[in-house]
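Structure, as structure tokens:
The values are calculated or read from the model by the stated rules, or taken from the named source; none is laboratory data. From a predicted model like this one, the values you see are computed outputs, not experimental measurements. Cβ: placed from backbone, ideal geometry, glycine included. Neighbour counts: every protein chain shown. Heads up: the accessible areas ignore ligands, DNA and RNA and are worked out on the full protein's heavy atoms, side chains in. Shrake-Rupley method; radii C 1.70, N 1.55, O 1.52, S 1.80 Å.
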Amino acid sequence: MSQIKFSKKWAARLGETHHLNEDKQAEIAYAIEILMLNLVNTILTLTLGWLMGVFWGTLTCLLTIAAFRHNAGGGHSESPWRCAMVTMIVFPLLALVSRYIATWQLCYCDLLSLLSVLAGFTFIFIYAPVEDPKAPIVSPQRRKKLKNLALVVMTILSLIIICLRFTHGYNTSTIQMCLVLSILWVSFNLTPIGRKLWFFLDNI
């Protein structure tokens, strides 16, 4: 439940206005906290990416992973604070590594791109959607819909990677590698090993 005072105050005011009981107020306070943490986390992550000179790459990683997570799910931390810290570290780092990989010979970049696309489709077919144990997906229809949406996202990203491969513009190679590494990161988080890693981080 919520640990931030202002979220509790906002929830209490909403509770008074709409005559909500304490349990409902606690749920609203937690939702407010998550929204605020995500907003602050996004701002800080992009700021760190900007300071490291990889703002657009960091933004690309954020958008790519957000598109996947919404449909495919995956391993995550039970603590929003820990999740925020990992996000602030991993996404700018992915962008920084992508900028370095973009300087490799084209054949190696193509090979890595192919690997990421194959991994993305394979792990989506096998594991997606990866549900939260606290909010299991009961409906088979919803499960199928989420898998199909994840495959659509993967298809769109694959086409973007191909287009960037044959586009010679400013920073296009780096953006392409950001997409590639983001897909690999998401694919890893779909696997049992990826989920165990988050469980390990939660127990440190």
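Inspect all residues belonging to region 129-146 and state whether any of them is assigned to a helix (DSSP H, G or I) and open to solvent by less than 40 Å² (accessible area, probe 1.4 Å). Looking through region 129-146, at least one residue is assigned to a helix (DSSP H, G or I) and open to solvent by less than 40 Å² (accessible area, probe 1.4 Å). Across region 175-195, the number of residues qualifying as open to solvent by 20 Å² or more (accessible area, probe 1.4 Å) and farther than 21 Å from A150 by Cβ comes to 1. Does S116 satisfy being part of a helix (DSSP H, G or I), touching a Leu at 6+ places or on another chain (Cβ under 6 Å) and within 30 Å of Q141 (Cβ to Cβ)? Yes; evaluated as a whole, the condition is true for this residue.
Of the residues screened, I156 is one that is open to solvent by 70 Å² or more (accessible area, probe 1.4 Å) and either at positive phi or at pLDDT 90 or above (or both). Which count do you get for residues in region 84-99 that are surrounded by fewer than 16 Cβ atoms within 10 Å (Cβ to Cβ) and either at pLDDT 95 or above or touching a Cys at 6+ places or on another chain (Cβ under 6 Å) (or both)? Number satisfying all stated conditions: 1. Entry remark, region 44-83: residues being among the hydrophobic types (A, V, I, L, M, F, W, C), modelled with pLDDT of 85 or more, assigned to a helix (DSSP H, G or I) and farther than 26 Å from M154 by Cα number 4 in total.
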